[in-house]
Amino acid sequence: MEDNGAFGSFLALCLAFVVLTASVDAQDSSKVIKLDENSWTEMLKGEWMVEFYAPWCPACKALQPTWDKLASWSEDLNLNVASIDVTENPGLSGRFLVLALPTIFHVKDGSFRQYRGSREENELVSFVDDKKWLKAEEVSWYKHPASTHMSLLSMFFKLSMGVRELHTTMIEDYNIPWWASYSIFAVMTIIIGLILGLVLVFLCDCLCPPHAPIRKRKTLSDTRTDKDNRSQKDDDEDEVRDNANTIGVNEDDTAGTADTADTVGTGDTAGTADTVGTGDTAGTADTVDTADTVGTGDTADTADTVGTGDTAETAGTGDTAETPKAADTETESSVRQRRTKQDSDLNNQ
């Protein structure tokens, strides 16, 4: 019984070894080419069908047998069948702008076209054999994986994956809190941004240095023009100042004229010649002197005649009364009152 048990164990080990060896041989016999960051440029020559996958993707696992069968047609179709693991090559996922898994590209001498058809073996073979790829839209030049800007994008993808791995290492291996890890990355981002900004400013100053302003040298005609302009400006200021002074003087004269008393008359005599009697001679010529006249240069003396036909002597004819001051001026009403009083006095006499 013990011999039978030992023999059974030996057979089980041999069977397991055979199965394992067969699976390894099957994997080695697969004609699917593995590409990575260093070897992806091989697809720029010849005709290729390239699959982007991830080990954890269920759809990629379902496509794996069909992809292996397509690789078995590689010699008949003169086709290279390859696959790229995006988890190990994040830079290539950025270079090809892989947004879904699995993603299949057809490449013919550097021209890239994305396959969007069925994932059946017959459809894949017909797409290559019948040259249906000619009807597919070619990737634009600004999305071409071999372009310079896509290479820069690939570097950013690799950098992001490196930051993610560093974050995972800090949390799991060094037990750093997640908020502390994010804070560290935020500070580093700000510092790196400042450094890159200074570098860009330095490069701009080196490549496009600022030019000093060119000063125009003045000629003799320009100097004369400047002098004429200054002289004209000074003349204009003097004229404005003189006009302002003239306006002030006119205002003062107007105010003085308004303060002058009303004049009664120019050259009017204040006296009245009265007749005492008809044919009677008084013998004496009385002179009524009116010295107060409102006005300048008026004669104030008028001779009164006493008697009809008698010649009265003119007293002070040609004499000029003194010019009264502004304070002695009389109004028209006061002059009328004085004249009425003088007439009443003469009538009483």
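Total residues in segment 124-151 satisfying the condition of being aromatic (Phe, Trp, Tyr) and within 24 Å of residue 68 (Cα to Cα): the figure is 2.
Looking at residue 224, is it at pLDDT below 85, out of contact with any Pro (no Cβ under 9 Å at 6 or more places or on another chain), over 30 Å from residue 166 (Cα atoms) and surrounded by 10 or more Cβ atoms within 10 Å (Cβ to Cβ)? Judged against the criteria, residue 224 is a match.
The residues in segment 89-107 that are surrounded by fewer than 18 Cβ atoms within 10 Å (Cβ to Cβ) and within 21 Å of residue 44 (Cβ to Cβ) can be counted, and the count is 1.
Restricting attention to segment 42-58, the residues that are open to solvent by less than 70 Å² (accessible area, probe 1.4 Å) and assigned to a helix (DSSP H, G or I) add up to 2. Could you list, in sequence order, the residues of segment 33-84 that are over 21 Å from residue 122 (Cα atoms) and of a type in the set (S, T, N, Q)? 38, 39, 41 - these are the residues of segment 33-84 that are over 21 Å from residue 122 (Cα atoms) and of a type in the set (S, T, N, Q). Please verify whether residue 83 is open to solvent by less than 10 Å² (accessible area, probe 1.4 Å) and under 23 Å from residue 136 (Cβ atoms), treating the condition exactly as stated. Yes. Out of curiosity, is residue 128 open to solvent by less than 20 Å² (accessible area, probe 1.4 Å), among the β-branched types (Val, Ile, Thr) and part of a helix (DSSP H, G or I)? Yes.
Tell me whether segment 59-78 contains one or more residues that are under 30 Å from residue 165 (Cβ atoms), open to solvent by less than 10 Å² (accessible area, probe 1.4 Å) and outside any helix (DSSP H, G or I). The answer is no, given that none of the residues of segment 59-78 is under 30 Å from residue 165 (Cβ atoms), open to solvent by less than 10 Å² (accessible area, probe 1.4 Å) and outside any helix (DSSP H, G or I).
The values are calculated or read from the model by the stated rules, or taken from the named source; none is laboratory data. Not measured: the values here are computed from a predicted model. Backbone-built Cβ (ideal geometry, glycine too); neighbour counts: all protein chains shown. Remember, those area values only see protein heavy atoms, side chains included, never the ligands or the DNA or RNA. Shrake-Rupley method; radii C 1.70, N 1.55, O 1.52, S 1.80 Å.
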